[in-house]
1. What's the ranking of 238-250, 222-234, 137-149, 85-97 by average number of surrounding C-beta atoms within 10 Å, highest first?
2. Which of these, P54, P32, P106, has the largest mean-square fluctuation under a Gaussian network model of the chain (Cα springs below 10 Å)?
3. Give me the number: length gained by fully extending E133 to A97, i.e. 0.36 nm times residue separation minus the C-alpha to C-alpha distance, one decimal in nm.
4. Using the alpha-carbon centroid of each, what span in Å lies between the stretch 28-44 and the stretch 93-131?
5. On C-alpha positions alone, give me the angle between the axis of helix 2-26 and the longest principal axis of the chain, in degrees, nearest 10.
6. Anything over 27 Å Cα to Cα? Flag those among K185/K224; K185/K247; K224/K284; K177/K239, in the order listed.
7. Going by alpha carbons, how many degrees (0 to 90, nearest 10) lie between the helix axis of 201-210 and the longest principal axis of the chain?
8. Please give the contour-minus-distance gain from L119 to D266: 0.36 nm per residue of separation, less the Cα-Cα distance, rounded to one decimal in nm.
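Nothing in this text is a laboratory measurement; each read-out follows from the coordinates by a stated rule. It should be emphasised that the depicted structure is a prediction, and the values quoted were computed from it without experimental measurement. Don't worry about glycine lacking a Cβ; one is built from the backbone with ideal geometry, like all the others, and counts go over all protein chains shown.
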Amino acid sequence: MLLNKLKTITGAIAIAALTTTSLSAQLKVPAPSPLQTVKQAFALSDITIEYSRPSAKGRVVYGDVVSFGKVWRTGANGATKITFGEDVKVEGTEVKAGTYALYSVPNKDSWELMLYKDLTLGGNVADYKKEDEVLRFTVKPTALTEKVETFEINVADITSTSANIELSWEKTRVAFKVTADIDSKIMKTIESTVVKDTRPYYQAASYYYENDKDLKLATEWIDKAIANNPKAYWVVLLKAKIQFKAKDLKGAAVTAEQAKVLATADQDDAYVKMADKIIADCKK
C-alpha cells in the first residue's frame with residue numbers, strides 16, 4: 001500500500017515537472033534589449049554589426065545608466081561585434097579584415113572607442129585587458145535635437161571607399177570613419193581580365209570614367225561594349241559622358257542623340273532626360 005502511494009506521488013511530481021518544462025519552453029517574451037544585425041555592402045565586401053539594443057525607458061543614459069569614464073560594452077547583453085570583410089582603415093589606422101568587439105569609454109566632451117580581440121568578454125568589463133585592444137581612438141560626440149529612445153548603430157554616408165559608423169542614443173551621437181583602398185585592387189583586376197574577356201568592358205570603362213583615369217582607354221573599352229550590345233542605351237550614354245569629359249563636345253552630342261533614340265524606343269524617360277542634358281551641355 002505504501003509502495004503504491006510512493007509511486008503515485010513520484011508520478012505526480014514527474015508529470016508536474018514535465019508540464020512546467022513544457023510551459024517554459026512554449027513561453028516566449030520580447031527581449032528587453034533585442035538583438036540586431038546590420039549588414040552593409042561596402043567597398044568590395046561588407047561591414048556587419050551585431051549588437052543588442054537597450055532602451056532609455058525614462059532613465060538618464062549617459063552619466064547614469066552608462067557611467068562616464070568607464071569601459072562600456074557599447075550596447076547590452078553580449079559583446080557588440082563589428083566585422084570588416086576586407087582590410088580597412090578606421091580613423092586613419094589600418095585594421096585587418098576580421099571580427100572585433102566594440103568597446104567604448106564615454107565622456108561628456110570626448111569618447112574613446114576600442115576594437116577588441118576577445119569576443120566573449122561581453123559586459124564583464126572588470127576583466128577588460130588593454131593588451132587585447134587592436135585599436136583605440138578618440139572622437140567627439142555631437143548633440144542630437146531629437147531623442148533616440150533605443151540605442152542604434154548605423155552605417156551612414158556611404159561612398160565607394162568610405163563610410164561612417166554612427167552610434168546614437170538619448171541625445172548623443174558618436175561617429176567614426178572607415179575607409180578602404182580598393183583602387184589598386186580594381187585596377188589589377190581590370191588589367192588581368194579585360195584583355196581576356198569581353199564582359200567587363202562596360203564596367204572597366206565606367207570605373208575609368210568615374211575615377212578620372214585614362215579616357216582614351218575608357219573610350220576603346222566602351223566602343224567594344226557597344227559592339228557587343230548596340231541597343232543598350234545606358235552603354236551608349238556612358239560613351240557620351242566619356243566624350244563630354246574628354247571635351248569632345250561634337251562627338252558627345254551625336255552619341256547622346258543615339259542614346260536618346262534607343263531610350264525613347266524603350267520608354268525609359270530617365271535616360272532620355274540624361275541624354276537631353278548632355279546634348280544641352282554640349283551646346284553651352
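1. With the highest mean Cβ count within 10 Å placed first, the list reads 238-250, 222-234, 85-97, 137-149.
2. P32
3. My answer for the length gained is 11.4 nm.
4. Their Cα centres are 19 Å away from one another.
5. Result, in degrees: 30.
6. On the way: K185/K224 23 Å; K185/K247 29 Å; K224/K284 30 Å; K177/K239 34 Å.
Flagged as over cut-off: K185/K247; K224/K284; K177/K239.
7. The answer is roughly 90 degrees.
8. 47.6 nm is the gain from fully extending L119 to D266.
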